[in-house]
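What follows is a set of notes on a single structure, which appears directly below.
The values are calculated or read from the model by the stated rules, or taken from the named source; none is laboratory data. Remember, predicted model here, so these are calculated numbers, not experimental data. Note: ideal-geometry Cβ built from the backbone for every residue, glycine included; neighbour counts use all protein chains shown. Ligands, DNA and RNA are excluded from the accessible area calculation, which covers all protein heavy atoms including side chains. Shrake-Rupley method; radii C 1.70, N 1.55, O 1.52, S 1.80 Å.
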Amino acid sequence: MAQINPFSSLVLLILASIASSLLSGYETIVVLLLVVIVPFFFNVNILRIMWSMKVMLITALLIFLFSYFGKGTLFSSLSESAKFLSIIGLSALYIKKSDLIDLSTTMGSILSPIFGKRGRKAASAVMMTLALFPIIFSTATEMMNARRSRGGSFLYHPIKSITEYTLSMMRLLFQKVVIFQDALYSRSWTTGGERTKVLLGKRDWTIMVLSLLLFIGFVLWKKVF
């Protein structure tokens with residue numbers, strides 16, 4: 001069975017992210033439940049993936065707290081956190097299941113005939129951005145394990161602990177990004193270099209067209225109702 005090209009999956013993800021901004025509170029909770037439950041039928045434990053991204057869970061908690069203190073309603077604050085977690089869950093699932101090299105080459109094949117070298121640079125920039133997510137997840141896990149081995153806890157002085165954790169993680173992330181960049185350059189990788197062309201098949205075009213039609217239908221439905 002032919003695999004779906006990651007570019008068509010990215011289009012679907014972008015449209016789904018835009019559509020999530022139009023959801024009501026109850027709809028947001030339902031979408032989060034679907035994001036958690038549906039992958040189980042495909043042998044993907046999205047809860048385990050999200051648990052490994054503790055920095056994102058902390059961010060969701062901060063969104064809830066700031067929203068609650070700003071608006072003063074529990075349900076609206078929960079829906080804001082649920083919306084964030086839904087997008088993060090879908091993004092993590094996309095990165096886990098997609099080949100970023102194929103994504104970059106496909107985007108380069110689409111954009112380079114129109115924009116030339118700039119198109120290939122844009123495709124490379126997207127690939128580099130998405131490639132940082134696994135680095136962020138692994139770094140967050142390393143930081144949490146190191147903190148746990150020293151008996152650290154966020155329950156004591158939570159604001160100070162979160163601040164120290166975030167700053168330390170940013171320093172470690174910067175070091176890892178530099179190492180990642182050096183590894184690419186050591187292989188003579190350039191942002192505007194030629195790539196092997198990867199073309200979209202009928203299956204991919206069908207998915208993108210159906211995704212766009214569903215998105216337009218959803219927007220019109222929200223406008224009417």
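Summary table
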item: Rounded, prolate or oblate (a/c below 1.5 giving rounded, otherwise prolate when a/b exceeds b/c) for region 1-153 by Cα gyration tensor; result: prolate
item: Sequence-separation-based contact order of the chain, relative, with Cα cut under 8 Å and 6+ spacing, percent; result: 29
item: Top of Tyr185, Tyr165, Tyr94 by mean-square fluctuation, Gaussian network on the chain, Cα under 10 Å; result: Tyr185
item: 3J(HN,Hα) from dihedral phi, region 103-112, Karplus parametrisation 6.51/-1.76/1.60, rounded to Hz, x for glycine, proline; result: 4, 5, 5, 5, 4, x, 5, 7, 8, 4
item: Net charge of neighbours whose Cβ lies under 12 Å from the Cβ of Met170, counting Lys and Arg as +1 and Asp and Glu as -1; result: +1
item: Most fluctuating residue given options Gly108, Gly89, Gly119, as computed from a GNM of the chain linking Cα atoms under 10 Å; result: Gly119
item: Over the chain: helical MRE at 222 nm, DSSP H runs n ≥ 4 each giving -39500 (n - 2.57), nearest 500; result: -27000 deg cm²/dmol
item: Separation in nanometres of the label points that stand 7 Å from Cα toward Cβ, at Ile14 and Leu61; result: 3.4
item: Backbone HN-Hα couplings from phi across region 9-22 [Karplus 6.51/-1.76/1.60, Hz, Gly and Pro as x]; result: 5, 5, 4, 4, 5, 5, 5, 5, 5, 5, 5, 5, 5, 9
item: Rotationally averaged projected area of region 59-112 (alpha carbon convex hull; nm²); result: 5.1
item: Accessible area expressed per residue, the chain, with surrounding protein chains retained (probe 1.4 Å, Å²); result: 63
item: Full-extension gain in nm, Leu74 to Asp102, via 0.36 nm per residue minus C-alpha separation; result: 5.8 nm
item: Region 165-180 - phi-based ³J(HN,Hα) in whole Hz, Karplus 6.51/-1.76/1.60, Gly and Pro as x; result: 4, 5, 5, 5, 5, 5, 5, 5, 4, 4, 5, 5, 5, 4, 5, 4
item: Cα-Cα pairs of region 80-174 separated by more than 23 Å (percent); result: 47
item: Theoretical gain in end-to-end length, Arg187 to Leu34 [0.36 nm per residue, Cα-Cα removed]; result: 51.0 nm
